Each structure stands twice: as structure tokens, then as C-alpha cells.
Amino acid sequence: MLPASQTRDKDALTDEGVGKIIAELRTKFDWVLCDSPAGIERGAMLAMRYADEAVIVTNPEVSSVRDSDRIIGMLDSKTVKAERGERVTKHVLITRYDPARAARGEMLSIDDILEILATPLLGIIPESQDVLRASNVGSPVTLNNAASAPARAYIDAARRLMGETVDMTVPAERRGLMNRLLGRRAA
Amino acid sequence: MTMNLLRLLSGRKATAPVARERLQILLAHERGLRGQPDLLATLREEILAVVSRHIQLDPDKVTVRLDRGPTVSTLEVDIEVPNGFEQAKVHAGRRVGAV
């Protein structure tokens, strides 16, 4: 897992350097996950440059879907695979999804997003307070609370990425009796 | 149908269709631009080639920007030139003259 570049000067990374490291990691690991820094710039460009597959993480906001469309365009033209005339396998992972709001027409639906991006769906991560709780303590939600709805959704998505067939459902919060009695409560 | 009913009950307007439309317009525009050859990169390379014939330049110090306005667009070319380049050129000229 290569975290996104956070160096002050993103020019510290060179195309050749990243290529060399990815080539070396390829010989040692089954999966090399390369996170991309925020923004569509050199950092993102280098993160995708040598990719075989790409997971485009988007949320149901106009700005996010728009940037995802630009990234998809770059995956199809600026990667080593694209330059060789091959294709990077692409997947869309939709985060912060609220099925109730989508049903009320207050949020872009999964179908809207998939139709616009024309890219297969890898998973749907429901909007959840568990994500911030985990992030606050510096832990992935999948480890911090593996039973939570977003954690189950991430685990399902990872299994699909590995080639398993997993039903595409939006996991819902399992609310305890106390929670249900007290209604919605702050974390 | 259910969506409309829910909306009626909640008294709120559905905004998702607006988001969808905004995206479709934005992306239709952006995808159109994407297909074109990279005009700015081509301009930058050719300007760099022409200027380099006369002045030694650091290729990284050449910036070409295009600002799109409603009626006119501005093409901005910014080339940073090291000090003393004129003297270097004069010297070169003299040398040629001497031969």
C-alpha cells in the first residue's frame, strides 16, 4: 500500500523513479495499492501511470463525479497501458451514499452516476458516522468497527476486486435496541 | 411515483435531477475539449524551439496559458530569461564576424 505523496514538492517524484519502484514491487507482491493525492495533478498522474487496474472513488456530488470523469479520461489516454494500446481495467466505488436521500431525489442515484461515468460499479459505501469516528483515531473503518455498514461495504468491494461474486447491496446500519429507542443520536 | 409522493409529503424539491443535468452539460463540454490535440503543449514546444535558437533557455521557465473569456480569450506566454543573455548573443555575433 503506497500512501499518496504528501511531500511539499510533488516534483520530487519522477516518472522514471515511480516506474522503477512499481516494477520492483510487482515482482514481490500480488497487489500493489497506489493511493492518489487529492486533485488532478502530477501526483495523481504518477499514481495511475503504471496501473493495471484503477478504482475511481467518487461520491454523489457534482464536483466529485466531474473530477472522476476527467480521471477516467486520463486513465484512457495517459497511462503506460493506454499508450501501448491496452486498457486499464476501471471500477467505480461510490462513497457517502444515502439510499433514503437518493430515493427522495435529493442525491444523485447510483444509476445516474454509473450512466454518466459509463464505468462498472465496484461497491457502494453508505454515508456513516463510523467513518469519521475511525478516521479520528487514525484507523481504517474496516479495522475500527468491522461490523459497521461502511466496513462491510468496503470488505465486499475488496472481495469483488479480487474476483469474487458478491451481491451488490448497500449495507444498512444495524441499530441496537437502545439506539432505536433513543432515536438518532450523536456519536 | 413513490419518489413524487415522498417529495410531495416532504414539501422539498428534488435537486438530484438538477445535479444530473448540470453534470451532463459540464461533461459534454469538457469531453469535447479533451478530444482536441493539446494545443497549449504544442504551442509551448514550438515557441520554446524558436526562442531557443537565439537565447539559451531553461525549458521549465516557459509557461503558456490560455484564459477563456466570454468574447475574447487571452494567450499568455511567459518566458523567464537568464540575465546577460544579450551579451552572450553579442559575443556569439562577434565571433561569427571575426571568422
Once the Cβ-Cβ distance between A:D15 and A:T169 is put in as r, and R0 is 45 Å, what FRET efficiency do you end up with, to the nearest 0.05? 0.65
Estimated inter-spin distance, A:L143 and B:R65, nm [label 7 Å along Cα→Cβ]: 4.3 nm
Residue pairs, from the table A:K28/A:K78; A:K20/A:K78; A:K20/A:K81, whose Cα atoms sit over 23 Å apart: A:K28/A:K78
Just to verify a number: FRET efficiency for B:Q56 and A:D111, C-beta to C-beta distance, R0 = 41 Å, to 0.05? 0.10
Using θ = phi - 60° and the Karplus relation 6.51 cos²θ - 1.76 cosθ + 1.60, list the HN-Hα couplings for region A:117-126 in order, rounded to whole Hz, with x at every Gly or Pro. 8, 6, 9, x, 8, 9, x, 10, 9, x
What is the distance, in nm, between label points placed 7 Å from the Cα along the Cα-to-Cβ direction at B:E30 and at B:D78? 2.4 nm
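At a temperature of 25 °C and a viscosity of 0.890 mPa s, determine how fast region A:51-182 diffuses translationally according to Stokes-Einstein, using the Kirkwood radius over alpha-carbon pairs as Rh; express D in µm²/s, rounded to the nearest whole number.
Working: Rh = 16.0 Å.
Calculated translational D: 153 µm²/s.
So which GluC sites (Glu not before Pro) in region A:45-144 pass both tests, a DSSP loop state and at most 13 other Cβ atoms within 10 Å of the Cβ?
Sites meeting the loop and neighbour criteria: A:E86.
Rule-based calculations on the coordinates, nothing more; no lab input. Remember, it's a predicted structure, so these values are computed and weren't measured experimentally. For neighbour counting, all protein chains shown are included, and Cβ atoms are generated from backbone atoms with ideal geometry for every residue, glycine included.
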